[in-house]
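The values are calculated or read from the model by the stated rules, or taken from the named source; none is laboratory data. The structure displayed is predicted, hence computed values, not measured ones. We place every Cβ from the backbone using ideal geometry, glycine too, and count neighbours over all the protein chains shown.
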Amino acid sequence: MELLQYTIRKLVSGIPLILGVTLISFVLMVYFGPDKTYELLGKNPTQEQIQEVRAQLGYDRPFFVRYADYLRELAVLDFGNSDSTGERVNALLARTIPISLALVTPGFILGNVLGVVLALFAAFYRSTWVDKAIMSFAVVGMSISFLIVIIAFQIIFASSYGLDIFPVRGWSVNSISDYVAYVSVPTMAMVFVALGYNTRFYRSVIVEEMTRDHVRTARAFGVPSAKLFYKNILKNSLIPIITRIVFSIPLVVISGSLLIETYFGIPGIGKVTYDSIITGDQPVLKAVVGWTAVLFVLAQLMTDILYRAVDPRVSLK
Amino acid sequence: MSAAPEAQAIGDVGAIGQTVYKRRESIWSKALYKFRHDRTGMLAFAIVVAYSVIAIGVWLGWFASDWADVTGGKWETASSGHWFGTNIIGQDIFSRAIYSTSTAFEVGLVVALLSTLIGALLGSLAGFFSGGWLDEIVLWMMGVLDSIPFYLFVAAIVFAMQDSAYSMHVAMIATFWTTAGRIVRGEVIKLRGLEYVEAAHAIGVPELTIIFRHILPNTSHILLVQATITFVAAIKSEVILSFLGLGVKDGMSWGLMIAESTKEILSGFFNNFLAASVLMFGLVMAFNLFADALQDALDPRKVH
């Protein structure tokens, strides 16, 4: 009951955030985005034809009516049809989001799990060569642009100038082996780039936890290192770790894969978003922005609830 | 520690009973001492200086002013005339890569300076009046800006500012200031409770003077570290945005070179890609290590 009350209160307090995000994005879209009118018209349109297309796109209505309409669409989660293809936006999302999830999930999980494992190793062997080697690797990973990693990995693993073991680009997945073939190069690139930042962040969290008094006391009482690391250090470091992971989910789901999808020509939500930005497909952009804002509010709620699961002292007040 | 004797009072007691120090030891002099003994940091700093000399040279027209000229044939390999060969229409790749260094510096400096400045300003106001309406508004703004997908926001601003060369800068500043803002806000909340601020209040110093003269300068070491981190982030974003066609339009940048190279690498010509990647990696790596050393020297919160 307490949890339900808390959830409702938290969701209500997320409304200003959703209003802000949608309002700013909508202003930018409506006043400054590309105009689709002439794209949809034939050559030498008459005044009536222009009016008709503008009415059909909704361009002729006042701003606040359109914004109110957007909020109503967001409330019922139905954004109408795409201006470019006429496909229902919800059908478009249902088609493309699973592809993006299938694309980024392995890299996301591996990047975080390996990051925590490497960070534990580095912290365990703090200031020895193991620590230094891991942290040097992390700085190198942080310094190479994601773009360069994608292109270099494509050359190394998927072109005739390298190993040539994976498809160069695209996404025609019909079986598990297809999936592994197409997902491998993007996954390796994502893990390589994420690992640098993740390892550094997780190591600093773990080292901070290691230097606390209760850990020193436990060590003095002879608690074995492995148990100490699992029970006293890792468990207490979970709050910042969870925060980082949960808050990166909304962007990973909606636009995190934009670069990978445009480069490899994978028809996921990132590529759809990029194309709608370029052409000014407002219904699709409205859906992407709205969903991201909603996911951020949900992420906030989720971290608060998870905090309580890992730390009983946290109260939902 | 050879710095220790300098820190001690020399022992002159002035007429009004104050101890006179021959040399004051500040966070900056201690940091300088620490930084000078950090070998990786000094090496990284030297590389950053070398890159900035290149950038300044390009601005002054010393080198690479011929980056747009056609000086050779298509896809020439490396030679004494063209150190990294030529691109598809015969422009010298070395000149273009060198010229791009100044673009990277320009974007990095403008974005790092302005976003840190805005972050410091709004963050300190929010922190000082935390719990009040101003704080609520700033927090709301930070939350909103962090929740708009970055590429979408940049693209919208690029369209909004049409042909302006600075649309990318504006978009980055508008999203990057939130990090500095959050850090400064937290720091100011901590400093606000200290005695010297209370004392300033007690003798009637106006609030804005307290914030900007007494509190904000005490966060300057954190601001410097944050500015170096933002510099790196801006350079990396510039390359990706230029690649996507949302960044640099007239001029040259590593991102544009990489975009050009994607049409060439599948036919086996790597010079464009390698030149841009290696130069960019060198700068970002050196700057990351420099920022690290700076943080070690200046930020007491840093965990080793």
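Does B:L208 meet the test of being more than 14 Å from chain A (Cβ to nearest Cβ) and either part of a helix (DSSP H, G or I) or closer than 19 Å to B:G127 by Cα (or both)? Yes.
Right, A:L3: in a helix (DSSP H, G or I) and within 14 Å of another protein chain (Cβ to nearest Cβ) or not? Spell out the reasoning first.
Numbers: in a helix (DSSP H, G or I): yes; within 14 Å of another protein chain (Cβ to nearest Cβ): no.
No.
Filtering B:A174, B:A156, B:A112, B:A104 for residues that are buried (at least 23 other Cβ atoms within 10 Å of the Cβ) and within 30 Å of A:L19 (Cβ to Cβ) leaves a single hit, B:A156. Hey, among the residues in region A:205-225 that are of a type in the set (V, I, T), under 17 Å from A:R126 (Cβ atoms) and surrounded by 14 or more Cβ atoms within 10 Å (Cβ to Cβ), which one's farthest from the chain's Cα centre (by Cα)? Step by step, filter region A:205-225, then rank; the result is A:V215. Within region A:132-146, the set of residues being more than 10 Å from chain B (Cβ to nearest Cβ) and surrounded by fewer than 18 Cβ atoms within 10 Å (Cβ to Cβ) comprises A:K132, A:A133, A:F137.
Given the criterion within 14 Å of chain B (Cβ to nearest Cβ), among the acidic types (D, E) and either loosely packed, with under 12 Cβ neighbours inside 10 Å or more than 25 Å from the chain's Cα centre (by Cα) (or both), identify the matching residue among A:D60, A:D69, A:D35.
A:D35
Within the set B:L32, B:L117, the sole residue that is modelled with pLDDT of 90 or more and in a helix (DSSP H, G or I) turns out to be B:L117. Suppose we filter region B:188-241 for residues that are of a type outside the set (A, V, I, L, M, F, W, C) and in contact (Cβ under 8 Å) with a residue 24 or more places away in the chain; how many remain? Residues meeting the conditions: 11. Within region B:274-289, one or more residues are closer than 18 Å to B:L43 by Cα, at the interface with another protein chain (Cβ under 8 Å from one of its Cβ atoms) and polar (S, T, N, Q).
For region A:147-203, a residue qualifies if it is within 14 Å of another protein chain (Cβ to nearest Cβ), surrounded by fewer than 18 Cβ atoms within 10 Å (Cβ to Cβ) and closer than 22 Å to A:V253 by Cα, and the qualifying residues are A:R169, A:G170, A:Y197, A:F201.
Assess whether A:T85 counts as being of a type in the set (S, T, Y), assigned to a loop (DSSP other than H, G, I, E, B) and more than 14 Å from chain B (Cβ to nearest Cβ).
On the way: of a type in the set (S, T, Y): yes; assigned to a loop (DSSP other than H, G, I, E, B): yes; more than 14 Å from chain B (Cβ to nearest Cβ): yes.
Yes: the conditions hold for A:T85.
Across region A:279-317, what is the number of residues that are assigned to a helix (DSSP H, G or I) and touching a Phe, Trp or Tyr at 6+ places or on another chain (Cβ under 6 Å)?
Going residue by residue through region A:279-317, those that are assigned to a helix (DSSP H, G or I) are A:279, A:282-310.
Still in the running and touching a Phe, Trp or Tyr at 6+ places or on another chain (Cβ under 6 Å): A:283, A:286-287, A:299.
Of the residues in region A:279-317, 4 are assigned to a helix (DSSP H, G or I) and touching a Phe, Trp or Tyr at 6+ places or on another chain (Cβ under 6 Å).
Among the numbered conditions (1) closer than 28 Å to A:I278 by Cβ; (2) surrounded by 16 or more Cβ atoms within 10 Å (Cβ to Cβ); (3) of a type in the set (A, V, I, L, M), the only one that A:L110 does not meet is (1). Could you check how many residues of region A:113-131 are touching a residue at least 60 places away in the same chain (Cβ under 8 Å), β-branched (V, I, T) and surrounded by fewer than 18 Cβ atoms within 10 Å (Cβ to Cβ)? Counting residues in region A:113-131 that are touching a residue at least 60 places away in the same chain (Cβ under 8 Å), β-branched (V, I, T) and surrounded by fewer than 18 Cβ atoms within 10 Å (Cβ to Cβ) gives 0.
Name the residues in region B:173-204 that are of a type in the set (V, I, T) and closer than 13 Å to B:F128 by Cβ, would you?
In the first step, residues of region B:173-204 are kept if they are of a type in the set (V, I, T); the result is B:173, B:175, B:178-179, B:183-184, B:188-189, B:197, B:203.
Residues satisfying the conditions are B:V184, B:V188, B:I189, B:V197.
Residues in region B:290-302 that are outside any helix (DSSP H, G or I) and more than 11 Å from chain A (Cβ to nearest Cβ): 2 in all.
Residues are listed down the side, and each one gets a yes or a no for (1) away from chain B (no Cβ under 11 Å); (2) buried (at least 23 other Cβ atoms within 10 Å of the Cβ); (3) in a loop (DSSP other than H, G, I, E, B):
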site	(1), (2), (3)
A:N236	yes, no, no
A:T243	yes, no, no
A:V253	no, no, no
A:I260	yes, yes, no
A:Y263	no, no, no
A:Y274	no, no, no
A:I277	no, yes, no
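Taking region B:131-153 on its own, how many of its residues are of a type in the set (A, V, I, L, M), facing chain A (nearest Cβ under 9 Å), surrounded by 20 or more Cβ atoms within 10 Å (Cβ to Cβ) and part of a helix (DSSP H, G or I)? Residues flagged as of a type in the set (A, V, I, L, M), facing chain A (nearest Cβ under 9 Å), surrounded by 20 or more Cβ atoms within 10 Å (Cβ to Cβ) and part of a helix (DSSP H, G or I) within region B:131-153 amount to 2.
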